[in-house]
Structure formats: structure tokens, C-alpha cells
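The values are calculated or read from the model by the stated rules, or taken from the named source; none is laboratory data. Predicted model, so just to flag it, every value in this text is computed and none were measured. Cβ placement follows ideal geometry from the backbone for every residue including glycine, while neighbour counts extend to all protein chains displayed. Side chains included, ligands, DNA and RNA excluded: accessible areas come from the protein's heavy atoms. Shrake-Rupley method; radii C 1.70, N 1.55, O 1.52, S 1.80 Å.
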Amino acid sequence: MRKKQLLILGGVLLVFILLVTNQSNEIDWSPTFDETQTKPLDTKVFFDQIPFYFKGESSKKVYTTFYEYDQHLRMQEKDTLKNYVSISGRYDIDETSFNSLLEYVEYGNQAFISAYYFPEYVQDTLGFKMEYDRVEIKQEEKTLFLNYVIDTLKYTPKVPFGASYFSDSISKGKKLGYVKSLENEKHSNFIGIPYGDGVFYIHTTPEVFTNYQMLEAKDAGYVSSVISYLPKLPILVDKAVKLDPEISRSPLRYILSKEPLKWGWYLLLTTIGLFMLFNAKRRQRIIPLKDPLKNTTTEFVQTVSNLHYEAQDYNGIIQKVIVHFLEHVRSKYHLSTDKLNEDFVTKLALRSGKPVEEIQQLVSLIIKMKSHQFSTKEPLKALNKEIEKFYKQ
């Protein structure tokens, strides 16, 4: 048995190794915007340029929710001002963390957020509304513009999200850049919103910060101009908004965010499960099978009836048959047989589905035979005929 278990565990390990070593070499175009990965639509190239953009300033990745990070900051004696940066497809920050970010920016920090979609509470708090162009089937070159500098950026979209931009009704803030819609109309895609002593910079075209677009761009001036709005301060990179919501709240969020650690964790759980399964099967006691109890009431009544019949005690047989029939009525139709009156006849007819006349005839015969003594077999045959008729219909 132990040899069999070792073979199974060895097979599981072999399958795991084959899955890891034989991953597809096809290019993955999924828009994950990961700062550490080299897929076309990740952002490693951009974040590798952080020391260049900010003159040697350091960057720190935040894997927890921003609320948790903010609680950690409040326990420190002093914290220097920083730039909060988030680049993602959807800015899925929870409301509690966003309230902490508001306080963080209000204190004097800056926030740069680039995403296609923003939650309603973010839009309502910062005073802007989003609009969207349909997804283009044909990939056509687009141009991004800035309002106060001449830098532009031409790129061909690779993310299948369509274009997003701000509606004209921006209640507060300043329009810093724009993109032209399918109808060649100007729509703001980059705004600055003062908040307390800090500023929120909101950008709606995160694809231009991906590896593919950064390497394909003929001029890096646009990205440099956008980032130049942030002061020369250390960078906080928010990774939690790009993780699965369940993972970002889990104590295992770091393990599940790293592919090798995640597969190692799954392998560990699988191995423990197999060990428990085989261990339980080996130690489980054999449960004996027991035959169900038999209903011997019918055999008993038949035996007693045979005894009365051999003794030619027809009246005794009649009484036993009546007792057996009334017991059948009580157990199957849940009726009291103490009083065999019209109410009993009506209820038995309703519950059995038999005509009232037939039930009345059978009950009358039972009442008559209960109060008389018989020495011949003819009354027994008549009673048996009526009862068999009741059972068959």
C-alpha cells in the first residue's frame, strides 16, 4: 500500500514539473499592467525608468490595501512626502482605502492614477464623470495631446477596452491633456484635481505606459511630460488594485501574487489532501452490513388464521380479519377506528378514493360481524370478498 502511495505522489510531482516547464511560448497580450513582468501589456519598462524620471528617488510596492498601508504609516514617528502611483485597467480600490488615500493626498502627497475605469465613489468625490468610445475592431493610430506643452504621442491601441475620457462637466480641477474621439472631437484624458495640500492627477489611457508602447514610441517626450507634473519624491506603487479582490484581502496575497509561490502552494495543498485521503482509507474500520428488520405482522396473522381455520373456528377468523383490516386503515390512512360511524365512512372514502357506497357497505358488514357469532364459513367468505375488493381497487 505504501509503495502505491509513493507512486501516486511521484506522478503528481511529475505532472506539476511538466506543467511548469512546458508553458506555452506564445506571446501573452493580456492587459495585466504588472510592474515586474515583461509581457507586452505590463509596465516593467516604465517603472524601470523611475530613477531617471525622479533623479534617483526610490520606489516601494504596496501589496496591501491602501487602508492597511495608511494604518502602518500612522504608527511611524515621521513619514516623508511621497508620490502615489497606480497604473491599471480598472482602478478597483475599495471605498475605505480610497478614503485613506484622500487623507494622504490632503496632507500634501501627490497621486497619479491612470486607468480606463474608476468606481462611482471616486468620480463623485473628485468631481468628474467618465465617458467611453466603443471598442474599435480595426486597429488605427491614435494621438494623445497635452494642453500646456507641445509633446504628443502617436500609438496604435492593443488593449481591447475602447477609449475612455472625461465628460466636459468637470466640477473642479484643470484639464492637462486630451485625446480625439472617433468623430475627431477633443476629449480630456488627463486632469489635475487639487485636494487639500496635494493633487490628484487622473489619466485615462494607461496603455501608453505599457512595455510594448514604451518600446514602440518614437518619442518619449509625452510620458516624460506627464510624469513631470509629480514632484521629485519617492514613489509608492499600488499593486493591490491590480490583484484579484479576494487575493488582495487574503493573508496569502503575496504568495498568490507570485506564480512560482502560487503553484508551490497549490502543490502543497494537493499533497496534504492525497496524504489525508490515503491515510483515512487505510485506517477506516469496516462497517458491517445489517439486514433491515422485516415486517412479520402479515405472517403472524396468517399463522393465527390457519390455526382457527383448522379448528373450524370461523368466528375467530372473522374477528382476526376485522382487526387486521382496521389496523391497515389506521396505519395507512391515519384514521381512528374507535367509532365506525358516518364520519369515519366519509373520511375513509375521501382518503382511499373509493365510492362512499362501497365503503358504507363494507363498514356495515364489519359492524354486523363484530356483534354476531358465526359457525359456518359463508360469512367469512363474504367479508373476505369485500375486503379484497377494497384492497384491489
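General remarks:
- Looking only at the stretch 332-345, and only at residues there that are open to solvent by less than 70 Å² (accessible area, probe 1.4 Å) and more than 14 Å from LEU365 (Cα to Cα), the one that is nearest to the chain's Cα centre (by Cα): TYR333
- Residues of the stretch 180-230 classified as hydrophobic (A, V, I, L, M, F, W, C), within 11 Å of PHE112 (Cα to Cα) and in contact with a Ser or Thr (Cβ under 7 Å, 6 or more places away or on another chain), total: 0
- Within the stretch 50-88, the set of residues being in a loop (DSSP other than H, G, I, E, B), open to solvent by 70 Å² or more (accessible area, probe 1.4 Å) and farther than 18 Å from GLN110 by Cβ comprises MET75, GLN76, GLU77, LYS78.
- Residue in the stretch 153-168 that is part of a helix (DSSP H, G or I), among the charged types (D, E, K, R) and loosely packed, with under 13 Cβ neighbours inside 10 Å present: no
- Evaluating LEU144 against the criteria (1) open to solvent by less than 30 Å² (accessible area, probe 1.4 Å); (2) touching a residue at least 60 places away in the same chain (Cβ under 8 Å); (3) outside any strand (DSSP E or B) leaves one unmet condition, (3).
- Positions within the stretch 209-224 being of a type in the set (A, V, I, L, M, F, W, C), surrounded by fewer than 21 Cβ atoms within 10 Å (Cβ to Cβ) and under 19 Å from PHE54 (Cα atoms), in sequence order: MET214, ALA220, VAL223
- For the stretch 350-393, a residue qualifies if it is within 60 Å of the chain's Cα centre (by Cα) and basic (Lys, Arg), and the qualifying residues are ARG351, LYS354, LYS389, LYS392.
- Taking each residue of the stretch 80-92 that is in contact (Cβ under 8 Å) with a residue 24 or more places away in the chain and looking for partners that are buried (at least 23 other Cβ atoms within 10 Å of the Cβ) and of a type in the set (Ser, Thr, Tyr) with beta-carbon atoms closer than 7 Å, six or more apart or interchain, yields TYR84/TYR104; ILE87/THR43; ILE87/SER114.
- There is at least one residue in the stretch 241-264 that is in a loop (DSSP other than H, G, I, E, B), open to solvent by 70 Å² or more (accessible area, probe 1.4 Å), over 28 Å from PRO40 (Cβ atoms) and at pLDDT below 90.
- Residue check, TYR91 aromatic (Phe, Trp, Tyr) and either open to solvent by less than 10 Å² (accessible area, probe 1.4 Å) or out of contact with any Ser or Thr (no Cβ under 9 Å at 6 or more places or on another chain) (or both): yes
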